[in-house]
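Asker: Quick one: the structure is below, questions incoming.
The values are calculated or read from the model by the stated rules, or taken from the named source; none is laboratory data. Here the structure is a predicted model, which means the values were calculated and not measured. Quick reminder, even Gly has a Cβ in these numbers, built from the backbone with ideal geometry, and neighbours come from all protein chains shown.
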Amino acid sequence: MTTDHAVDIDKQVRIYITVFVSLMALTIITVAISRFHLPVPIAVTVALIVAIIKGSLVACYFMHLISEKKLIYAVLGLTAAFFVALLALPVLTVHNGFWIHG
Amino acid sequence: MEIPYTVELRRDTGLNNGKIGIWLFLASEVMLFGALFASYILIRTGAPTWPRGDTILNVPLATFNTIVLISSSVTMVMAWASLMRHRFGTYRLYMGATILLGGVFLVVKYFEYSHKFETGLFPSTNNFLAIYFTLTGLHMLHVMGGMAVNAYFWGPGAKLWKTNPEWFINRVEHSGLFWHFVDLVWIFLFPTLYLL
C-alpha cells in the first residue's frame with residue numbers, strides 16, 4: 001500500500017465519521033420535528049426533505065456514488081425516471097382518468 | 001475456467017461485472033419498494049381518515065432501531081476501509097459488529113411485532129397495519145439476506161482474502177452496497193410509517 005493510498009483512505013474514514021454524526025443529528029431532528037404535530041402537508045414535506053438529505057448522504061458517501069462511473073449514473077437515472085412515473089400514477093388517478101377520456 | 005472481470009475493469013464501462021450487477025439489482029429493488037410506496041400513497045390519499053403512526057407504533061423503539069441501522073452502515077463501510085488498508089483483523093471486528101447490529105435490529109423488531117400481536121393488532125386489522133407489516137416485513141427479509149451474505153464473508157468466504165484479496169475486497173464492497181441500500185430504505189420507512 002502506497003503512502004498516498006493510505007492517506008486517501010484515512011481521509012475517507014474521517015468523511016464516514018462526519019457523515020455518521022450528521023445522520024444521527026438528522027435522525028434526532030426528524031423525531032423532534034414530529035413532536036410539534038405540524039399540519040400533515042407541512043409535516044410530510046419536512047420529513048421527506050430530511051429523509052432525502054439523509055438518503056443522499058448514505059448514497060453519496062457510504063455507497064460512493066459521489067465518485068462513481070457514468071454507467072452507474074445512467075442506470076440510476078433511468079431507475080429514478082421509472083420511480084417518479086410509478087409514484088405519479090396514483091396522483092393521475094385522482095382525476096378519474098381525465099387523460100384517457102379527454 | 002476463470003470468471004472474467006471480477007477484479008480487472010472492463011474497457012467499455014470502466015467497471016467490473018460485479019459492480020454493474022449489484023447496481024442493476026439495487027435498481028430493481030428501488031422499483032419493488034417504489035411500487036409499495038406508490039400503493040401506500042394511493043391507499044392513504046383515498047382513505048377518509050388515517051391514523052398518525054405514533055398513536056399505534058412505538059416511536060422510541062423505532063428511533064433506537066434507526067440509530068442501530070445507521071451505525072451498522074458505518075461499521076460496514078469501515079470493514080471495507082479496513083480491507084483497503086490491508087488490516088484483516090480490524091475488518092473482522094467491523095464486519096462482526098455489522099452482523100451483530102443487524103441482529104439487534106431484528107430482535108427489536110421481534111419485540112415490536114410481538115407486542116402488536118398480543119394487543120390484537122394484525123395486518124388484517126386495518127389498511128395502516130397492512131401497509132406497516134408488509135413494508136417492514138419485506139425490509140426485515142432484506143436485513144436477514146444482508147446478514148447472511150455478511151456472515152458468509154465474515155466466516156467461510158473470508159478464505160478468499162488469502163488467495164485473491166482484491167476480489168475479496170470487491171465482494172465485500174458489493175455486499176456493503178446492498179447493506180447501505182437496506183439502511184436507505186429504512187431512512188424513508190421510519191418517518192413515513194412512524195412519524196406521519
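Asker: Right, A:I66: more than 8 Å from every other protein chain (Cβ to nearest Cβ), within 27 Å of B:F178 (Cβ to Cβ) and surrounded by fewer than 18 Cβ atoms within 10 Å (Cβ to Cβ) or not?
Answerer: yes
Asker: Checking B:P165 against (1) within 14 Å of another protein chain (Cβ to nearest Cβ); (2) within 15 Å of B:T75 (Cα to Cα), only one condition comes out false. Which one?
Answerer: The failed condition is (2).
Asker: A further question follows. Kindly provide the set of residues from segment B:162-196 that are surrounded by 21 or more Cβ atoms within 10 Å (Cβ to Cβ), aromatic (F, W, Y) and more than 22 Å from B:P51 (Cα to Cα), ordered by number.
Answerer: Those that are surrounded by 21 or more Cβ atoms within 10 Å (Cβ to Cβ), aromatic (F, W, Y) and more than 22 Å from B:P51 (Cα to Cα): B:F168, B:W179, B:F181.
Asker: Only one of (1) more than 9 Å from chain B (Cβ to nearest Cβ); (2) under 23 Å from B:Y94 (Cβ atoms); (3) more than 15 Å from the chain's Cα centre (by Cα) fails for A:S22. Which number is that?
Answerer: All conditions are met except number (3).
Asker: Can you report the number of residues in segment B:46-63 which are within 10 Å of chain A (Cβ to nearest Cβ) and in contact with a helix residue (DSSP H, G or I) (Cβ under 7 Å, 6 or more places away or on another chain)?
Answerer: Qualifying residue count, segment B:46-63: 6.
Asker: In segment B:83-101, what count of residues is obtained for those that are in a helix (DSSP H, G or I) and either on the phi > 0 side of the Ramachandran plot or within 14 Å of chain A (Cβ to nearest Cβ) (or both)?
Answerer: 9
Asker: Just one of (1) surrounded by 16 or more Cβ atoms within 10 Å (Cβ to Cβ); (2) modelled with pLDDT under 90 trips up A:L76, so point out which.
Answerer: Result: A:L76 fails condition (2) only.
Asker: Would you confirm, using the coordinates I've provided, whether B:T66 is within 10 Å of chain A (Cβ to nearest Cβ), in contact with a Ser or Thr (Cβ under 9 Å, 6 or more places away or on another chain) and of a type in the set (V, I, T)?
Answerer: Yes.
Asker: Just checking, does segment B:115-129 include any residue being free of Cβ contacts under 8 Å to residues at least 24 places away in the same chain, part of a helix (DSSP H, G or I), within 14 Å of chain A (Cβ to nearest Cβ) and over 25 Å from B:N170 (Cα atoms)?
Answerer: no
Asker: Related question: Any residue in segment B:18-29 that's touching a residue at least 24 places away in the same chain (Cβ under 8 Å) and within 8 Å of chain A (Cβ to nearest Cβ): show its pairings with residues that are buried (at least 19 other Cβ atoms within 10 Å of the Cβ) and in a helix (DSSP H, G or I) at Cβ separation under 6 Å, as long as the two are six or more apart or on different chains.
Answerer: B:W23/A:I72
Asker: Same structure again: Suppose we filter B:Y132, B:Y152, B:Y94, B:Y110 for residues that are modelled with pLDDT of 95 or more and either among the β-branched types (V, I, T) or closer than 23 Å to B:G34 by Cα (or both); which single one remains?
Answerer: Within the list B:Y132, B:Y152, B:Y94, B:Y110, the selection yields B:Y132.
Asker: Something else about it: Tell me which residues, restricted to segment B:87-101, are among the hydrophobic types (A, V, I, L, M, F, W, C) and touching a residue at least 60 places away in the same chain (Cβ under 8 Å).
Answerer: Answer for segment B:87-101, where residues must be among the hydrophobic types (A, V, I, L, M, F, W, C) and touching a residue at least 60 places away in the same chain (Cβ under 8 Å): B:F88, B:M95.
Asker: Can you confirm whether segment B:142-161 contains a residue that is away from chain A (no Cβ under 12 Å) and not in a helix (DSSP H, G or I)?
Answerer: yes
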